[in-house]
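**Student:** Can you keep this structure in mind? I'll have questions shortly.
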Amino acid sequence: MQSVREVIVVEGRYDKNTLLQVVDAVVIETAGFGIFNDTQKQKLLRAMAEKRGLVVLTDPDGAGFVIRNFIKSCVPGEQLKQAYVPDIRGKEKRKAKPSKEGKLGVEGMREEILLHALRRAGATFEGTETAHFAKKVTKADLYRLGLSGRERSAEKRAALIRELDLPEHLSADALLDVINAIMSREDFFSRVALQAGLMQE
């Protein structure tokens, strides 16, 4: 599986699940139109765009284009790439009937179509051995530092999130994705974890 350097933005969790079977990437959901009023998510997209760049991959229907245009208004153009899937009639397996416009969304696309859309958008593909940050911070690291699964872990996570100037409602898993998107494992341990008082020098 190839890694994509940019953060990929999709509409929902089924789109995300489909994409993560095709590429190794950080994928953020807009929760459909939920992005419009979610200032924390907007802030996260801007932060990710600045660090890694964004690839927007929404459904090819009217709603997808409304979401796409909203993201364009939130993020500087030079940090944004637009990936488009073709109009294919049909319905996703999990749905009882087709969407309003009768088109397949991102979740219904075949692997080769998604890869083609990302390549055509100019997404940066990297081999797994040369991924942007080869050694990543792991769930075990977060546990060892008291950031998940321990007493006061939510409090410690909140402090680290403030330290990194990230949205306050990030779960432990989402925080892990963001950390690995914006810094190396070495940076995390040498700079951030020490500054946040999670490690002793």
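The values are calculated or read from the model by the stated rules, or taken from the named source; none is laboratory data. Quantities reported herein were computed from a predicted structural model and do not represent experimental measurements. Please note: Cβ atoms are built from the backbone with ideal geometry, for glycine as well, and neighbour counts cover all protein chains shown.
**Student:** Quick one: which residue in S148, S153, S99 is under 19 Å from F33 (Cα atoms), modelled with pLDDT under 90 and of a type in the set (S, T, N, Q)? Even if it seems obvious, please write down each step before you answer.
**Tutor:** Working: S148 fails: under 19 Å from F33 (Cα atoms); S153 fails: under 19 Å from F33 (Cα atoms).
Of the residues listed, the single one that is under 19 Å from F33 (Cα atoms), modelled with pLDDT under 90 and of a type in the set (S, T, N, Q) is S99.
**Student:** Taking the criterion of being basic (K, R), part of a loop (DSSP other than H, G, I, E, B) and surrounded by 14 or more Cβ atoms within 10 Å (Cβ to Cβ), would at least one residue in the range 116-138 satisfy it? Even if it seems obvious, please write down each step before you answer.
**Tutor:** The first filter runs over the range 116-138 and keeps only residues basic (K, R), leaving 119-120, 135-136.
Narrowing further to those that are part of a loop (DSSP other than H, G, I, E, B): 135-136.
From what's left, surrounded by 14 or more Cβ atoms within 10 Å (Cβ to Cβ): 136.
Within the range 116-138 (the criterion being basic (K, R), part of a loop (DSSP other than H, G, I, E, B) and surrounded by 14 or more Cβ atoms within 10 Å (Cβ to Cβ)), the answer is yes, since at least one residue qualifies.
**Student:** Being within 20 Å of K135 (Cα to Cα), crowded, with 19+ Cβ neighbours inside 10 Å and modelled with pLDDT of 80 or more is the requirement here; does L198 meet it?
**Tutor:** On the way: within 20 Å of K135 (Cα to Cα): yes; crowded, with 19+ Cβ neighbours inside 10 Å: yes; modelled with pLDDT of 80 or more: no.
No.
**Student:** What residue, of E78, E92, E101, is outside the structural domain of L164 (by TED's automatic domain parsing), within 19 Å of the chain's Cα centre (by Cα) and among the charged types (D, E, K, R)?
**Tutor:** Step by step, each of E78, E92, E101 is checked, and only E78 is outside the structural domain of L164 (by TED's automatic domain parsing), within 19 Å of the chain's Cα centre (by Cα) and among the charged types (D, E, K, R).
**Student:** If I filter the range 37-52 for residues that are of a type outside the set (S, T, N, Q) and either within 20 Å of E112 (Cβ to Cβ) or more than 16 Å from the chain's Cα centre (by Cα) (or both), do I get at least one hit? Quick ask: steps written out before the conclusion?
**Tutor:** To start, the set of residues in the range 37-52 that are of a type outside the set (S, T, N, Q) comprises 38, 41, 43-52.
Those still in the list that are either within 20 Å of E112 (Cβ to Cβ) or more than 16 Å from the chain's Cα centre (by Cα) (or both) too: none.
There is no residue in the range 37-52 that is of a type outside the set (S, T, N, Q) and either within 20 Å of E112 (Cβ to Cβ) or more than 16 Å from the chain's Cα centre (by Cα) (or both).
Matching residues to (1) outside any loop (DSSP other than H, G, I, E, B); (2) under 21 Å from A25 (Cα atoms):
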{"site": "F70", "(1), (2)": "yes, no"}
{"site": "P86", "(1), (2)": "no, no"}
{"site": "E92", "(1), (2)": "no, no"}
{"site": "A140", "(1), (2)": "yes, yes"}
{"site": "G146", "(1), (2)": "no, no"}
